[in-house]
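Peer 1: Have a look at this one.
The values are calculated or read from the model by the stated rules, or taken from the named source; none is laboratory data. Just so it is clear, the structure is predicted and the values come from calculations on it, not from any experiment. All Cβ positions, glycine included, derive from the backbone under ideal geometry; neighbour counts span all protein chains shown.
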Amino acid sequence: MTKKIILPLSGKEELRAGDAVLLSGTIYTARDYAHKRIFGLLDRGEPLPFELKGAFLYYAGPCPAPAGKACGSCGPTTSARMNVFAPRLLDLGLGGMIGKGEMSEATAEAIRRNHAVYFAAIGGAGATYGNAVRKAECIAFPDLFSEAVYRMEVEDFPLVVAIDSFGGNIYRRSDGRSV
Amino acid sequence: MRTVDTQQIADCVYRLARRAGLTLTESCRRALKEAESAEEGAAKFALNAVLNNEQTAQREHMPVCQDTGMAVVVIELGQEVALTGIPLRDAVDDGVRRAYADGNFRKSICDPLIRRNTGDNTPAHLHTEIVAGDRVSISFLPKGFGSENMSRLVMLTPAEGREGILDTIVETVKIAGSRPCPPVYVGVGIGGCFDSCAYLAKKALLREVGSRNPREDVASIEREALGRINALGIGAQGFGGKITALGVSCEIAPTHIAGLPVAVNIQCHCVRCEKETL
């Protein structure tokens with residue numbers, strides 16, 4: 001059964017690794033270089049371009065929007081590259097992340113510690129995700145082109161809960177070994 | 001001599017790029033369908049999403065994947081062809097520039113140090129080979145980097161031989177795990193030297209998924225590697241499953257008596273590759 005999830009989370013969703021969900025609400029794109037810029041702002045004590053508490057980051061860099069569309073093709077990028085950034089952001093109140101592929105044990109621990117969640121989007125399904133974006137607005141770092149931060153309103157993003165806050169991890173088998 | 005104006009090559013690169021951005025190769029689509037029917041659970045869900053996504057891409061005129069890649073262009077130029085017009089490199093970049101702008105493709109090429117984007121996805125990664133005849137064959141492979149990042153080149157010793165080659169291929173896919181968008185397509189270069197070995201691996205990806213090297217001893221490495229990779233259990237998107245690779249293609253070239261270079265170029269399940277001969 002696919003659960004419908006609406007952001008911001010209420011805390012009563014009971015998301016477990018392996019659950020298929022359709023996610024709607026506001027998310028923010030940020031990938032490699034946007035994270036570097038965000039960390040620069042944090043280190044200098046400057047305000048971030050969006051409220052981090054409860055926010056969801058989408059590790060993605062969209063294609064340009066075709067005429068008449070809110071967004072171009074927009075699937076997930078490889079989350080593992082963001083392991084160096086995720087724990088600190090989670091400790092500052094980030095609600096969770098959307099990306100593709102496994103994340104480190106340190107990130108999984110930060111997810112548990114902060115009752116956050118990591119959703120896996122289906123890599124390579126960029127047209128599907130782009131088509132589910134209702135509104136997209138660049139809110140920071142426009143010089144980074146597709147790597148800029150976009151605030152997106154999305155409707156029914158097909159996702160799988162990959163790492164939950166109860167110790168569940170879809171990328172680990174029951175014997176603890178990585179698949 | 002036959003003369004070919006490089007404007008024709010620019011227009012051909014444009015056509016190939018536009019098509020490749022929106023289309024999986026026939027052999028890739030077939031392999032994905034077979035994988036989808038073999039799997040269950042989250043892996044089946046992922047493969048189903050990928051197959052439906054291609055239809056959405058074509059209906060909505062959006063790239064199948066937002067990573068429209070580094071533009072890898074391989075040109076086999078017949079030595080009886082005289083090129084006229086703008087320089088070949090400029091023609092190829094012109095085709096890429098126009099295709100990525102008109103197709104609403106992502107521009108993903110940047111300076112490696114300061115990370116400034118070139119803004120138009122150029123330069124293309126261009127290989128030219130001079131071959132017999134009076135034809136110009138162009139292959140266009142938009143190469144995504146989630147998978148490119150997981151590629152490796154290892155200089156084995158001759159003593160490591162066939163087993164060493166197999167271990168290198170399987171280990172590369174295992175290390176990559178869920179990160180490169182499995183089920184992957186694995187291109188392998190065996191032999192040559194440091195740089196030509198990597199190029200062999202890339203050229204292996206231009207072959208159809210499921211095709212076999214005409215040399216039986218090489219084809220047997222392809223078959224055995226595929227079996228061992230699928231036994232890893234990584235599955236589509238790393239969700240666990242029977243199909244971790246759609247195919248393994250090996251290309252081989254003579255090497256030095258002291259060495260055995262092996263390059264493994266990982267391609268995600270979005271195999272996009274278009275070809276045309278002028």
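Peer 1: Go through the stretch B:180-199 and give me each residue that's surrounded by fewer than 24 Cβ atoms within 10 Å (Cβ to Cβ) and touching a residue at least 40 places away in the same chain (Cβ under 8 Å).
Peer 2: B:Gly191, B:Gly192, B:Cys193, B:Phe194, B:Ser196, B:Ala198, B:Tyr199
Peer 1: Return the total of residues in the stretch B:144-160 being touching a residue at least 24 places away in the same chain (Cβ under 8 Å) and more than 14 Å from chain A (Cβ to nearest Cβ).
Peer 2: 8
Peer 1: Please go through the stretch B:11-28 and give me each residue that is more than 15 Å from the chain's Cα centre (by Cα) and over 16 Å from B:Pro142 (Cα atoms), ordered by number.
Peer 2: B:Asp11
Peer 1: Which residues, counting only those in the stretch B:53-97, are basic (Lys, Arg) and within 22 Å of B:Thr122 (Cβ to Cβ)?
Peer 2: B:Arg89, B:Arg97
Peer 1: Out of the stretch B:2-15, which residues are of a type in the set (A, V, I, L, M, F, W, C) and touching a helix residue (DSSP H, G or I) at 6+ places or on another chain (Cβ under 8 Å)?
Peer 2: Those that are of a type in the set (A, V, I, L, M, F, W, C) and touching a helix residue (DSSP H, G or I) at 6+ places or on another chain (Cβ under 8 Å): B:Ile9, B:Ala10, B:Cys12, B:Val13.
Peer 1: Another question about this same structure. Suppose we keep only residues that are within 13 Å of chain A (Cβ to nearest Cβ), of a type in the set (Gly, Ala, Ser) and over 26 Å from A:Ala17 (Cβ atoms) within the stretch B:26-81. Which one would you say is surrounded by the most Cβ atoms within 10 Å (Cβ to Cβ)?
Peer 2: B:Gly69
Peer 1: Among the residues of the stretch B:161-175, are any in contact with a Lys or Arg (Cβ under 6 Å, 6 or more places away or on another chain) and free of Cβ contacts under 8 Å to residues at least 40 places away in the same chain?
Peer 2: no
Peer 1: Whether any residue in the stretch B:79-102 is free of Cβ contacts under 8 Å to residues at least 12 places away in the same chain and not assigned by TED's automatic domain parsing to the domain that holds B:Gly240 is what I want to check.
Peer 2: no
Peer 1: Checking A:Gly167 against (1) small (Gly, Ala, Ser); (2) crowded, with 19+ Cβ neighbours inside 10 Å; (3) part of a loop (DSSP other than H, G, I, E, B), which single condition isn't satisfied?
Peer 2: The one condition A:Gly167 does not meet is (2).
Peer 1: Filter the strands (runs of 3 or more DSSP E) completely within the stretch B:35-136 down to those with at least 3 residues that are aromatic (Phe, Trp, Tyr) and in contact with a Cys (Cβ under 8 Å, 6 or more places away or on another chain).
Peer 2: Counting at least 3 such residues, we get no strands (runs of 3 or more DSSP E) at all.
Peer 1: Then there is this: Criterion first (at positive phi and away from chain A (no Cβ under 14 Å)) does B:Gly233 satisfy it?
Peer 2: no
Peer 1: Regarding the stretch B:12-26, can at least one residue be identified that is under 24 Å from B:Gly241 (Cα atoms) and in a helix (DSSP H, G or I)?
Peer 2: Checked the stretch B:12-26: at least one residue is under 24 Å from B:Gly241 (Cα atoms) and in a helix (DSSP H, G or I).
Peer 1: Can you find even one residue in the stretch B:134-155 that is surrounded by fewer than 17 Cβ atoms within 10 Å (Cβ to Cβ) and either aromatic (Phe, Trp, Tyr) or modelled with pLDDT under 95 (or both)?
Peer 2: Yes, because at least one residue in the stretch B:134-155 is surrounded by fewer than 17 Cβ atoms within 10 Å (Cβ to Cβ) and either aromatic (Phe, Trp, Tyr) or modelled with pLDDT under 95 (or both).
Peer 1: What number goes with the only condition from (1) over 25 Å from B:Ile234 (Cβ atoms); (2) under 12 Å from the mean Cα position of the chain (by Cα) that A:Ala132 does not pass?
Peer 2: The failed condition is (2).
Peer 1: Which of (1) away from chain B (no Cβ under 14 Å); (2) at pLDDT below 95; (3) closer than 23 Å to A:Ala132 by Cβ does A:Thr26 not meet, given it meets every other one?
Peer 2: Just one mismatch for A:Thr26, condition (2).
Peer 1: Another question, if that's okay. State all residues of the stretch A:113-135 that are of a type in the set (Val, Ile, Thr) and out of contact with any helix residue (DSSP H, G or I) (no Cβ under 6 Å at 6 or more places or on another chain); if no residue qualifies, say none.
Peer 2: A:Val117, A:Val133
Peer 1: Please tell me if B:Val209 is in contact with a Cys (Cβ under 9 Å, 6 or more places away or on another chain), more than 18 Å from B:His125 (Cβ to Cβ) and β-branched (Val, Ile, Thr).
Peer 2: In short, yes.
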